[in-house]
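Comments concern the structure below.
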Amino acid sequence: MTLVGNEIDSLCVENSISNRKGKVAAISISRKKGIPKTNINHAKLVEGFGIEGDAHAGNWHRQISFLALESIDKMRAKGLPNLRPGAFAENITTEFIDIPNLQIGSKIKIGAETELEITQIGKECHSKCAIFFTVGDCVMPREGIFAKVIKSGEIFVGDDVQVIKGASKSYF
C-alpha cells in the first residue's frame, strides 16, 4: 500500500494523537521521604499541593512525580525482574504515553477532572539509590518528570492520562 498527500498527513496526526494518551498503571505514596512508595488504588490530588497524604506534597514545583511503566521495564530487563511501580519513589506510573519526552509547560489531564502542569524533566541524584548500585543505572534521573497540580480531583488506577496542551520533543 502506498500513501500519498493527505493520507500521509492524516496518518501522522493519528499517530501523534495516539502517543498523547495513556493510562494510570499505578498510584504510589509514602508518609516519609527517602523510602519506596506504597501502591494505592486511588488518590486525591489537591491544587497547588500534590497528593493528599504523600510526603513530597507541598507548595513547590515538584508536587507529583511521574515515571512510565516502559521505563521500569528497561530496569527489569537489566536484572531487576521484580521491580514494581513506586520503587523509584514516583507517585504516578503511566503506561502507553511518552512521559520522558514531554516538555516543561505541557499540561496533562488524568481521569475526569484533574489537571497538572509539567514543571521539571529528570532530576539530579545526589546519592545513588539501591537500584543504581544493583544494576549500575537508574532511569528516574533521566526519564522521570515532575508536575504541579493545577486542578484538583480524584484519580484511580486505570484512568486515562491525556496531554491536553503542549507537545513532546518528538513523536516520530
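The lysines within cross-link reach of Lys107, meaning a Cα-to-Cα straight distance under 29 Å and a gap of 8 or more places when in the same chain, are Lys21, Lys23, Lys32, Lys33, Lys37, Lys44, Lys74, Lys123, Lys148, Lys151, Lys165, Lys169.
Beta carbons within 10 angstrom, averaged per residue: use that to sort the peptides 48-59, 64-75, 97-108, highest first. Please list the in-between numbers first.
Working: 48-59: 17.1, 64-75: 21.8, 97-108: 19.2.
Ranking the peptides 48-59, 64-75, 97-108 by packing returns 64-75, 97-108, 48-59.
Computed over segment 21-165, the convex hull of the alpha-carbon atoms projects to a mean area of 7.5 nm². Only bridges with both residues in segment 21-165 count here: give the DSSP antiparallel percent, nearest 5. Close to 90 percent.
Since every read-out is calculated from the coordinates, none of them should be taken as a lab result. The structure presented is a predicted model; accordingly, all values stated were derived computationally and were not measured. FYI the Cβ positions are ideal-geometry reconstructions off the backbone, even for glycines, and counts take in every protein chain you see.
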